[in-house]
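J.: One structure follows; several queries about it will come next.
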Amino acid sequence: METLNGLSVGSTDIIRVAGYCRTSAKEEQIFGSYVTQKKFLKKVIEEHEGWIFAGVFGDYARTGTQVQGRSGFQQLMQMAENGEVNLILTKSISRFSRSASDTLEYVRKLSSNGVGLYFMEQSFDTRDDYAEIILTTLATIAEMESNSISEGHGERHDPERADNLRHEGQ
């Protein structure tokens, strides 16, 4: 069976697939990844035989530590609840959420509505056996990374700041 970053894509079932992307203001300023993520997700979905494109939803310059204020996320969750989507693709767990409790809450809601969530970087499908155990660990790591960044230990994400710190230490 053919795979896409670990996701079995050889199925002939027709499913409605949506994408989700998010960037924080700092990430967007440094990496400019929001538009790139949207284009990539749209292309992957549209080029897959048997998948019906249900849209790409996103939140530009928004933190992933909370759901409030993320209208794209909320719209996608509503579509899933209404049965308008069967599978959601997202680049990584940290693009979906940087809160372990929110990640687990929304994955459970999606699952209860028969909707799978696939994290491309981690090659992780929430429809797999033991998914919640593994997801708990991965979501906790994403949350810890966010905490580290907000506490000022995320220099690797800000090359200019990291360079300044190196010069100060000399």
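What follows draws every value from the coordinates through simple rules; no lab data is involved. All values reported here derive from a predicted model rather than from experimental measurement. Note that we place each Cβ from the backbone using ideal geometry, even for glycine, and neighbour counts take in every protein chain shown.
J.: Provide, as a two-decimal number, the C-alpha radius of gyration of the range 98-141 over 2.2 N^0.38 Å, N being how many residues it has.
T.: Taking N as the residue count of the range 98-141, the ratio is 1.03.
J.: At 0.36 nm per residue, and after removing the present C-alpha to C-alpha distance, how many nm does the segment from residue 46 to residue 148 gain when stretched out fully?
T.: Gain in length upon complete extension: 33.1 nm.
J.: Between residue 36 and residue 60, what is the label-to-label distance in nm when each label sits 7 Å out along the Cα-to-Cβ direction?
T.: It works out to 1.7 nm between the two label points.
J.: Now for a different question. Once both labels are modelled 7 Å past Cα along the beta-carbon direction, what's the residue 104-residue 128 spacing in nm?
T.: 1.9
J.: Shifting gears a bit: Cβ neighbours within 10 Å, averaged per peptide: list 113-119, 92-98 in order, most packed at the top.
T.: Output ranking for 113-119, 92-98: 92-98, 113-119.
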